[in-house]
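All remarks here apply to the structure that follows.
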Amino acid sequence: MALGMAERLEKDLETVLDIEREFPPTSRGLITKDDVVRLSKQNPKTCLVAEKKGEVVGFIFGELRGNSCVIKFLQVLPEHLGEGIVTDLIDEIEKLTSARVLLKGK
């Protein structure tokens, strides 16, 4: 699996938004293009896209707060759940930022 940082979001932005619309989360509102642009500019190392065989299968968008990273948006395609994608995305943010990742609850 390949993990791409915010620089790749320009290419993958519409795919990310399509995934969000196709599988709307129940614990938060839909991510918007403005959300993606804002977060990727403010925190480029906390905005990642996961790909398998050239297909976007998940994404994570976080916000740095001191020594922590609060996850604002996290999504993995249902058919790829259980493959460790969430763990890989979180591990990559921790590696890139040295921040402790905190998952945002309801």
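Name every residue in the stretch 1-39 that is touching a Cys at 6+ places or on another chain (Cβ under 8 Å) and at pLDDT below 85, in order of residue number.
Listed by number, the residues that qualify are Met5, Ala6, Leu9.
Name the single residue that is nearest to the chain's Cα centre (by Cα) among those in the stretch 72-106 being assigned to a helix (DSSP H, G or I) and of a type in the set (A, V, I, L, M, F, W, C).
Only one residue tops the list, namely Leu89.
Does at least one position in the stretch 79-100 carry a residue that is in contact with a strand residue (DSSP E or B) (Cβ under 8 Å, 6 or more places away or on another chain) and closer than 12 Å to Val16 by Cα?
no
Which one of these does Glu14 not meet: (1) assigned to a helix (DSSP H, G or I); (2) in contact (Cβ under 8 Å) with a residue 24 or more places away in the chain; (3) not aromatic (Phe, Trp, Tyr)?
Evaluating Glu14 over (1) assigned to a helix (DSSP H, G or I); (2) in contact (Cβ under 8 Å) with a residue 24 or more places away in the chain; (3) not aromatic (Phe, Trp, Tyr) leaves (2) as the failure.
If Gly29 passes every condition in (1) exposed (fewer than 14 other Cβ atoms within 10 Å of the Cβ); (2) part of a strand (DSSP E or B); (3) small (Gly, Ala, Ser) but one, which one does it miss?
Unmet for Gly29, out of (1) exposed (fewer than 14 other Cβ atoms within 10 Å of the Cβ); (2) part of a strand (DSSP E or B); (3) small (Gly, Ala, Ser): (2).
Pairs under 9 Å by beta carbon, first residue in contact (Cβ under 8 Å) with a residue 40 or more places away in the chain and under 21 Å from Leu77 (Cβ atoms) in the stretch 38-56, partner surrounded by 20 or more Cβ atoms within 10 Å (Cβ to Cβ) and of a type in the set (Ser, Thr, Tyr), six or more apart or different chains?
Hits for this filter: Thr46/Ser40; Cys47/Ser40.
Being crowded, with 19+ Cβ neighbours inside 10 Å and among the small types (Gly, Ala, Ser) is the filter here, so list the residues in the stretch 67-106 that pass it.
The one that is crowded, with 19+ Cβ neighbours inside 10 Å and among the small types (Gly, Ala, Ser): Ala99.
Mind listing just one residue for me: the one in the stretch 42-68 that is in a strand (DSSP E or B) and farther than 23 Å from Pro24 by Cα and, of those, nearest to the chain's Cα centre (by Cα)?
Checking each candidate, the answer is Leu64.
The values are calculated or read from the model by the stated rules, or taken from the named source; none is laboratory data. Note that the coordinates shown come from a computational prediction; the quantities given were computed from them, not determined experimentally. Methodologically, a virtual Cβ is constructed for each residue, glycine included, from the backbone with ideal geometry; neighbour enumeration extends over all protein chains shown.
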